[in-house]
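Read the structure below first, then the notes.
The values are calculated or read from the model by the stated rules, or taken from the named source; none is laboratory data. Computed from a predicted model, the values in this text were never measured in an experiment. In this analysis, Cβ positions are derived from the backbone assuming ideal geometry, glycine residues included, and neighbour counts consider all displayed protein chains. Just the protein is used for accessible areas: all its heavy atoms, side chains included, with ligands, DNA and RNA removed. Shrake-Rupley method; radii C 1.70, N 1.55, O 1.52, S 1.80 Å.
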Amino acid sequence: MVAVHVLNGPNLNLLGTREPATYGAVTLAGVEERLKAKAVAAGVELTFRQTNYEGELVSFIQQAGLAGAGIVINAGAYTHTSVALRDAIKGTEALAIEVHVSNVHAREEFRHHSYMAPVCVGVICGFGVASYDLAFDAIVPLLQKRLAKPAA
Ligand code: CA2
């Protein structure tokens, strides 16, 4: 069965409660609910997690990657600072998509660089919480294709 882990980094627990002009009004629990419904409809096993700690995010990536699950990751500010997250994705050969609620390229310069993007299959940003839905829709067929391929 295809499995997807949706991983959220620091401050995303505040989603929908502050800065609505940038991040909208949907809470992280609301995002989880939407994705759980999509996962049930698609027959996908979904794990949804949030942490404010970089090392914990590394452990979440390792767990998902080593289990062969796909990763949809909004690493928050660690996107722009963390070599450790990039190494975890590369080191476990995880199939990962980076997502952001806001359009990071329309914001401050320091948000334009991502350490993770080069080791992800793609990046989706700027569509509000629909960025998560788009990433889920993109990753499922990739995982199905990978599952169908016999191991070399
Ligand atoms: O746009 C995104 O999804 C971000 O990953 C959000 C991060 C930010 O550091 C990235 O550059 C882009 C911030 C996490 C969310 O922080 C909030 C703070 C207050 C209210 C709601 C969210």
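Helix 54-66 and the longest principal axis of the Cα set of the chain meet at an angle near 20°.
Under the convention that each Lys and Arg Cβ holds +1 and each Asp and Glu Cβ holds -1, the size of the dipole of the range 1-123 around its Cα centre is about 200 debye.
Spread over its residues, the convex hull of the C-alpha atoms of the chain is 96 Å³ per residue. Computed over the range 61-105, the range of Cα coordinates on each principal axis works out to 31, 18, 12 Å, biggest value leading. Close amide H contacts of Cys125 (hydrogens built in the peptide plane, cut-off under 5 Å, sequence separation of 5 or more or a different chain): His100. Classification of the range 106-152 by its C-alpha gyration tensor yields an oblate form. The axis ratio a/c (a ≥ b ≥ c) is 1.5 or more, and b/c is at least a/b. Taking the accessible area of the chain, probe 1.4 Å, and keeping the other protein chains in place, the carbon and sulfur fraction comes to 55%. In order along the range 30-40, the phi-based Karplus estimate (6.51 cos²θ - 1.76 cosθ + 1.60, θ = phi - 60°) of 3J(HN,Hα) comes to x, 4, 4, 4, 4, 5, 4, 5, 5, 5, 4 Hz; Gly and Pro are listed as x.
Working note: Karplus 6.51/-1.76/1.60 with θ = phi - 60° gives the range 97-106 the couplings 10, 8, 10, 9, 5, 8, 7, 4, 6, 9 Hz, where Gly and Pro are set to x. Amide H to amide H, with H built 1.01 Å from N, Gln50 comes under 5 Å of Asn8, counting only residues 5 or more places away or on other chains.
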